[in-house]
Number of protein chains: 6
Amino acid sequence: MYEIGVVYRNIRRADRDVAGRLAALGSATVHEAMGRTGLMKPYMRPIYAGAQASGTAVTVLLQPGDNWMLHVAAEQVQPGDIVVAAVTADCTDGYFGDLLATSFKARGAQGLVIDAGVRDVRVLTEMRFPVWSKAVCAKGTVKATLGSVNVPVVCAGALVTPGDVIVADDDGVVVVPAAMAAKALEAASAREASEGEKRARLAAGTLGLDMYNMREPLLKAGLTYID
Amino acid sequence: MYEIGVVYRNIRRADRDVAGRLAALGSATVHEAMGRTGLMKPYMRPIYAGAQASGTAVTVLLQPGDNWMLHVAAEQVQPGDIVVAAVTADCTDGYFGDLLATSFKARGAQGLVIDAGVRDVRVLTEMRFPVWSKAVCAKGTVKATLGSVNVPVVCAGALVTPGDVIVADDDGVVVVPAAMAAKALEAASAREASEGEKRARLAAGTLGLDMYNMREPLLKAGLTYID
Amino acid sequence: MYEIGVVYRNIRRADRDVAGRLAALGSATVHEAMGRTGLMKPYMRPIYAGAQASGTAVTVLLQPGDNWMLHVAAEQVQPGDIVVAAVTADCTDGYFGDLLATSFKARGAQGLVIDAGVRDVRVLTEMRFPVWSKAVCAKGTVKATLGSVNVPVVCAGALVTPGDVIVADDDGVVVVPAAMAAKALEAASAREASEGEKRARLAAGTLGLDMYNMREPLLKAGLTYID
Amino acid sequence: MYEIGVVYRNIRRADRDVAGRLAALGSATVHEAMGRTGLMKPYMRPIYAGAQASGTAVTVLLQPGDNWMLHVAAEQVQPGDIVVAAVTADCTDGYFGDLLATSFKARGAQGLVIDAGVRDVRVLTEMRFPVWSKAVCAKGTVKATLGSVNVPVVCAGALVTPGDVIVADDDGVVVVPAAMAAKALEAASAREASEGEKRARLAAGTLGLDMYNMREPLLKAGLTYID
Amino acid sequence: MYEIGVVYRNIRRADRDVAGRLAALGSATVHEAMGRTGLMKPYMRPIYAGAQASGTAVTVLLQPGDNWMLHVAAEQVQPGDIVVAAVTADCTDGYFGDLLATSFKARGAQGLVIDAGVRDVRVLTEMRFPVWSKAVCAKGTVKATLGSVNVPVVCAGALVTPGDVIVADDDGVVVVPAAMAAKALEAASAREASEGEKRARLAAGTLGLDMYNMREPLLKAGLTYID
Amino acid sequence: MYEIGVVYRNIRRADRDVAGRLAALGSATVHEAMGRTGLMKPYMRPIYAGAQASGTAVTVLLQPGDNWMLHVAAEQVQPGDIVVAAVTADCTDGYFGDLLATSFKARGAQGLVIDAGVRDVRVLTEMRFPVWSKAVCAKGTVKATLGSVNVPVVCAGALVTPGDVIVADDDGVVVVPAAMAAKALEAASAREASEGEKRARLAAGTLGLDMYNMREPLLKAGLTYID
């Protein structure tokens, strides 16, 4: 049950440094390090290839076809934040374009993750303002009905609490709860460290079957080779 | 970030009586009374017309193609509960059929809400065991990977905390946080009470335009009638 | 380019008697008689099996998540009309429920065709108020932004001009322009007349291959039988 | 690579008696008995609740918006067959209605499985002619381009070879290769036999956790109970 | 009710100069200037990033899996036109490839908007022939059934009358009725003019809340700030 | 009925040289040369624009959320192969990333076609390892349940037998059965040869109407020109 019509001004942001270091590891590695949880649905796609962003979440709850709260949210953005916007219903309208992006950027926002549509994507791409959305759509919105800012929201199937770390890239968007960020960074870093060596062995021709010791469990599970 | 591999045995259930009285008001009225929040996405449909259920949520987090945790959840069900199952990925497999329904029913479960597929729907219908799902599918599942029971889950776009009240009928599924249940009941009851009189006036030919005093705001908004 | 914020009070309705007789022929036959045109997309489904309705269209243009104009439309309904509602964006919200249905019915509406969601479907079914929609959803709507009544609209891929005949049943919804209604009725009736005899011959074992003289064109097209 | 423009008149049909007995076991049980394979995608739904059919497959390959080959197929139907129709592209047109159903029924067809749309569903329901389709749509088709009859087809994600056993019900459609039918029947019957006893135990309150000896593997996998 | 089997040779085209100037303003600005109407659904996407086109519409009505009418349409193209193609049913076949593009280009076509699939997208991209479609698909089509050229069509949810102005870019496709083109240009230009100054103010840190005077209406609507 | 838990080590691969020459002709031309058959559904898209690959198919059958068999498949890859992976249920998980790609590449694989999701797409793009998939998703998978390698699979609606030729590019993925490869190459080459001349004539302004002699059949079909 969302609170409607409220703006929380003081949120507890995750450590900025931790957020930055998580970003470098990428959404797939961070998600693995979190026990394969925290991921938004794969329909959330970047508006340009190679987009990468991370930050602490300022959340927005929007009404269908109404982007009023994005303007309210702009004031709450601090440098290093990333805006995460949910809508109370499925909607593909273009809630966000180059004017709002200019404002968000001026406030220090690292990007936008929105479970709806955006527009002006050519200009956004030229600005290198990274956006993950479920649609691109020229359709504009009204400013008539209240939503909220900095309440917990469900965005593309993931729960986002204000201040959580968001890591977004070509593979998708992952949410790291503020309280777990340090631990997730540690696990993700360990995972990453081990990948370099694995990559070298695989490139040299070693099979995953041998590197991961899979032959015996496969045999036990009943796998049969037929010549 | 979900906890994986845990079962919480003690959850704080909302008041059973409140849950029952919310059910009688229906998902649409309850959702309105909550400020139009708390609703699962409309792809969640009952397996038979007229299905109705309510209860306190026992939550389950499932892995794709794997229904192991539904068996674990059965043990946690108390009379008056309704099971709410999420999956860590999009999946339409048939996680639940008549055997599990028999077991759930024996434990006192009021129904199942699952963001995946179910099967044996003819038998489930004969049993009048109500299920809301996103698919019907004969495909079975394995029992190989752990999920969790009674952790907060996002099911069909709604956050469900164990013990929350679930109200489900032909119009969809609404989640009422345990702490808000009494207040939601009050608001929904008030709303319902006013509907009977309105219905009578509308049936007698009164227009909503007049009953809700809409003519002036419409005029102010600029509505123009053309003969 | 829709006109926004206008209500046309005087529309030229197709002949009521023709509308009624078209209805008896069914959407598939009428659509065939119109050269296989005029059909809404198949995602438009009746809320109960066996729903049937026809009438002259009162059209409504709605904004996303906002049902204000349905109240405005109610006043424009005359006995024998059917309301056809489009939305300026994709939306599955529940725009219409039992109160509006009570009002529409009191005005003489034959049903509703809406390219969005509806709710209270159990009550609507008990009332036998037929509705075709793209979704069932408990989510309510606001009353904040103007649309229009009785402007031409595109509903589920079909152009509907106020006063057109609408024929809706289990197979879908077909739009017959007012000016073509008489001609469409004639063609559909002729088609229907010929179907009874065909059905009898097919039931007796005659093959369509022979009844429709298909063997020669199939041979010419190169069809080869292999034993 | 489909053969286009051919009709195979002689196909090797699976044993009719085996087909009938498989039907009684239902699609879910048969699919389980086949190692969880052979199932069509869950978007294939019966046009009325409770539809059940089985038979030996007469296959049809159709072109988009063109139902010519269904008439060709009618001649190849023998009593006990079920027609399985694929289209060379995604299409929701209404390829099949009451006239074709009358003809198919006269030939002894048990039903139709079609990866496209059908129409006249009210009449088909009254006739109790069972159909599984991906859409209901009033739109008609032309008769202009050749497809084939009794070639192997992929229908809704499943490979169907002419003569295979098809088992279809509320849970979906499963394909049993003719050569495997006897073995599948044996496995499915064994599975069914064990279900009755299980159902009784579960109804009496035994947990699946105990009945299936899951507690130890769950513990080994690391499941933790928290009070 | 579409006319089938006709080609209108003389259509009233919107002013070419107006069309060109609308294009420069972009689909989002033009759509806003038209009261947020006239937009095709957002599933229509350009085949390459940065595609931009505008022109006067030559419309085509196609049958499923059949591109015959695109060849008929080519003859009706005049320099400055853009071809807008609808299909009488949902279809993703590849109706259009590099040969047709070569022909369209030779006739002076500015691009193609098609509510279906296209192919040869690598070559089309190299040719910089802009196409908006709902799918990319290698599947070819037949030439067997008549449609029409230069009749009004519904394409991706928007009504297009021959001669209308089409403005298409990364954000989508907007239709400007010929009779409204001059007025739309005026409104869009005014809108555009005001955006430059707004952008500068937002970049300098002014909030939209202040620039658009939103604080008072938000307060009136009940927005609450919580510290 | 898939075989589960088997790996066929010896498959009959189509001629490598033929595979390479088919690739140069492109998926659309090859598909046309095969009578417009053999194509996967258009939801299969390359992860980067301009991706091209061809080879002989090593097939993999995967379980939902489980990529174990991709490791087993790696060992069966020979230089010139392309891996084709199907899943027993709809799944968008990220089954494949840069480590597996490194291993596949070391084995000589030409690319991957997978009816599921992949991840690490930025790195895969930098490696120029071409992948066609139905989703991009950071979500990882388990290694718990057996599938099979080198059994016939249905991938995105097309039947793929181990050793078949796969041709994949921006327009989609086409499957050429090994036994038909030589004949398909001949037909596709002939088709390609005739296209160059056609393109030149169309570029010079000749209409398809004349080049393909369509005027008479259009007239016969009843096409009417209206001035």
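In segment F:90-129, what residues are within 24 Å of D:T37 (Cα to Cα) and open to solvent by less than 10 Å² (accessible area, probe 1.4 Å)?
F:C91, F:D93, F:G94, F:Y95, F:F96, F:L112, F:V113, F:I114, F:A116, F:G117, F:V118
Can you tell me which residue in segment B:1-22 is nearest to the other protein chains (Cβ to nearest Cβ), limited to those that are without any contact (Cβ under 8 Å) to a residue 12 or more places away in the chain and loosely packed, with under 15 Cβ neighbours inside 10 Å?
Start the filter on segment B:1-22 by keeping residues that are without any contact (Cβ under 8 Å) to a residue 12 or more places away in the chain, which leaves B:1, B:10, B:17.
Right, trim to loosely packed, with under 15 Cβ neighbours inside 10 Å and you get B:10, B:17.
Numbers: B:N10: 6, B:D17: 19 Å.
Of everything passing the filter in segment B:1-22, B:N10 is nearest to the other protein chains (Cβ to nearest Cβ).
Take the residues in segment B:120-138 that are free of Cβ contacts under 8 Å to residues at least 60 places away in the same chain and at the interface with chain D (Cβ under 8 Å from one of its Cβ atoms), then tell me which one is farthest from B:A156 (Cα to Cα).
Result: B:R122.
Check every one of the helices (runs of 4 or more DSSP H) wholly within segment D:130-227 and list those with 3 or more residues that are surrounded by 14 or more Cβ atoms within 10 Å (Cβ to Cβ) and at pLDDT below 95.
D:181-203
Report yes if some residue within segment F:148-160 is under 22 Å from F:A73 (Cβ atoms) and among the hydroxyl-bearing types (S, T, Y); otherwise report no.
yes
If I filter segment A:55-64 for residues that are under 10 Å from the mean Cα position of the chain (by Cα) and open to solvent by 60 Å² or more (accessible area, probe 1.4 Å), do I get at least one hit?
Checked segment A:55-64: no residue is under 10 Å from the mean Cα position of the chain (by Cα) and open to solvent by 60 Å² or more (accessible area, probe 1.4 Å).
Filter segment A:112-129 for residues that are outside any strand (DSSP E or B) and charged (D, E, K, R) and give the result.
A:R119, A:D120, A:R122, A:E126, A:R128 - these are the residues of segment A:112-129 that are outside any strand (DSSP E or B) and charged (D, E, K, R).
Confirm whether B:V142 is within 19 Å of the chain's Cα centre (by Cα) and within 14 Å of chain D (Cβ to nearest Cβ). Working first, answer last.
Details: within 19 Å of the chain's Cα centre (by Cα): no; within 14 Å of chain D (Cβ to nearest Cβ): yes.
Taking the combined requirement at face value, the residue does not satisfy it.
Output the residues belonging to segment A:29-52 that are aliphatic (A, V, I, L, M), open to solvent by 10 Å² or more (accessible area, probe 1.4 Å) and within 17 Å of F:V121 (Cα to Cα).
Across segment A:29-52, the qualifying residues are A:L39, A:I47, A:A49.
Here are some residues: E:F104, E:F96. Which one is more than 30 Å from A:P46 (Cβ to Cβ) and free of Cβ contacts under 8 Å to residues at least 60 places away in the same chain?
The conditions single out E:F104.
The values are calculated or read from the model by the stated rules, or taken from the named source; none is laboratory data. Every value quoted in this text rests on a predicted model; they were computed, and no experiment measured them. Note that we place each Cβ from the backbone using ideal geometry, even for glycine, and neighbour counts take in every protein chain shown. Note: areas computed on protein heavy atoms with side chains; ligands, DNA, RNA excluded. Shrake-Rupley method; radii C 1.70, N 1.55, O 1.52, S 1.80 Å.
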